[in-house]
Structures are given as C-alpha cells and as structure tokens.
1. So what is the 222 nm mean residue ellipticity for the chain from helices alone, if each DSSP H run of at least 4 adds -39500 (n - 2.57) and you divide by all residues, rounding to the nearest 500 deg cm²/dmol?
2. Working only with C-alpha atoms, what are the Rg and Dmax values of the chain, expressed in angstrom?
3. Do you know the Lys pair count in segment 3-101 for C-alpha distances under 28 Å, with sequence separation 8 or more or different chains?
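Please treat every number below as a calculation from the coordinates, not as lab data. Note that the structure is a prediction, hence the values are computed from the model and not measured.
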Amino acid sequence: MSRLDGETFEMISIMSNNKWVMGCKEEYQEAGRYNMCKAMRDWEKEAKAEGKADGIKAGMEKGIKQGHNEVILNMFRKGKTPEEIAEWTDIPLKRVLALCTG
C-alpha cells in the first residue's frame, strides 16, 4: 500500500488530519502514483525534529528559571530584602516573595 492514487493519498491525509503530508503531496508523486510510506516516514522525521527543538527550548527555559531561583535565594540568605532582590534582578516581587517565604 505504499503507492496510492491521488484521491486515496488525500483521503488518508484528511482522515489522519495530517496537513503536513497533504501540503507536500507533489513531492511524493512517482509515475502518477503517490508514495504514502515515504511521506509518512518524512512526516515522522519532521515531527521528531520539531519535538526535539521544543524540548531543547523548554529545557533551556527551565534552566534559566532555576538559575534565577538560585540567585534569588542566595541574595535572600545573604540578607537582601525581597524588594531589593526584585529591584536588582528585574524579577517580579511576587515571584521573589514566593521563593523567599515559601
């Protein structure tokens, strides 16, 4: 079932709600038929790459937040008030207070 006519290719793309495959339909045409297996493999690779990029971004954001939290707590332990910490770090006072009093 790897080589399909155009209508079947479209039906599978629509039924699977796969707009990516549908948008690339012409790339998978070979001798008047459509290679759905290759289209799905390529879509899977694209989805994995997108997921990996999203994961890296989320990890970086989490790391930055953890770093900020450490700075806040270190400043608080050294006697700085939450108001001073918020002013010096440009971190919202509400967040500083939550860390220092929580």
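1. -23500 deg cm²/dmol
2. For the chain, the Cα-based Rg and Dmax read 25.5, 75 Å.
3. The result is 28.
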